[in-house]
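Throughout, read-outs are computed from the coordinates displayed, never taken from laboratory work. Computed from a predicted structure; not experimentally measured. Counting neighbours? That spans all protein chains shown, and the Cβs are built from the backbone with ideal geometry, glycine included.
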Amino acid sequence: MEISAFLIVGLLVAILAVFTVIRAVRIVPQARARNVERLGRYHRTLKPGLNVVIPYIDRVYPVIDLREQVVSFKPQPVITEDNLVVEIDTVLYFQVTDPRAAAYEIANFLQAVEQLTVTTLRNVVGSMDLEKTLTSRDTINNQLRGVLDDATGKWGLRVNRVEIKAIDPPQSIKDAMEKQMRAERDKRAVILGAEGQRQSQILTAEGEKQAAVLRAEGNRTADILKAEGQARAIDEVFQAVHRNDPDPKLLAYQYLQTLPQLAQSPGNTFWVIPGEVTSALQDVSRAFSEILPQSAATRRTSSDDLAIQAANDAAKAAEAAAEALADAAEADGATTDALPSSLETAERHHQPETPPAGPPD
């Protein structure tokens, strides 16, 4: 009996010793910290690794994570400056830098950070309208971070970043914004279409302008070349005429050959008979009745042949002139007294005469 009692007491003492050793030794992981209170007062903060405390006297609090933490808060209703309620969802990145302050300066630092974020967010967004709120996320984030960092410093916290995850306006505002965006897209499409049409018309006008300029230059060059050709032709004829030394008799003969062509036009209803027709006929008759000068061309034929040919040409010219005068008189419906006398004179002067014998070749 006595042996059994000693064994029980010894066993209890051994168990108590083992439990005491376990309570005295505390292992803290890396990037963690634990606060120790001795007799109800803060004593020290256990660092990562093996730590020894006095059991039953020192009280060790739960582990505090020293790593950067991410907390997502539920959406909070916020009223903008233009009296619209929007739901804003925020994400907070913070880190515990002082375990003692985080445990003793505030009861629940996560709840405190959440409420401080909501109040600060309402203050910042309340001074902005909806459009500015949707387009000024960076400004809101910076203002939130500044306020939270100043307020949480005494709590042993450091706010690294504050991000707005979502801003949800009311459904009616979403529908209005969608209609506005659709109208803006339609307007841009119409503007782009008008710009494209304008560019197309400008390019078409430029092409037509260049084509007109090229056509004008081509016509100008063609007219210049044509004028140069006509000038050269006239110059050649002029030089040829002057090389052969014409006299007024040849010009009178050409004048008589042109008269029938004046009466052949179908639109001629009134034709004035020139007064110099009779004199022209006399000059031509006299020219062919006189002895032609001896030239290189006349020396090739006999004088008799030349005289006969000249008389025949004069008779033909007189007949053509008489026919032209008669056609003109019929078109006018009137007769003139000068016409018979002119014809008789022309026939009298154009009777073939026997030319005198010219010098032999």
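Per-structure values
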| item | result |
| --- | --- |
| Volume per residue that the Cα convex hull of segment 1-155 spans, once the total is divided by residue count, Å³ | 138 |
| ³J(HN,Hα) computed for each position of segment 85-100 - Karplus, 6.51 cos²θ - 1.76 cosθ + 1.60, integer Hz, glycine/proline x | 8, 10, 9, 10, 10, 10, 10, 10, 10, 9, 8, 7, 9, 9, x, 5 |
| Radius, Kirkwood style, for segment 121-221 when every pair of distinct Cα atoms is counted (Å) | 19.3 |
| Counted charge near R32, where neighbours are those whose Cβ lies closer than 10 Å (Asp, Glu -1; Lys, Arg +1) | +2 |
| Hypothetical label at Q115: residues of segment 64-79 whose amide nitrogen lies under 17 Å (7 Å Cα-Cβ projection) | 73-74, 76-77 |
| Per-pair calculated FRET efficiency, R0 = 45 Å: K154 and I22 via Cβ, rounded to 0.05 | 0.80 |
| Candidate lysines for bridging to K47, where Cα separation is under 18 Å - those fewer than 8 sequence places away on the same chain excluded | none |
| Entries of K74/K187; K132/K179; K187/K209 with Cα pairs more than 30 Å apart | K74/K187; K187/K209 |
| Anisotropy class of segment 5-58 from Cα gyration tensor, a/c 1.5 cut | oblate |
| Vicinal HN-Hα couplings computed from phi for segment 176-191 (Karplus, 6.51 cos²θ - 1.76 cosθ + 1.60; Hz; Gly/Pro x) | 5, 5, 5, 5, 5, 5, 5, 5, 5, 5, 5, 5, 5, 5, 5, 5 |
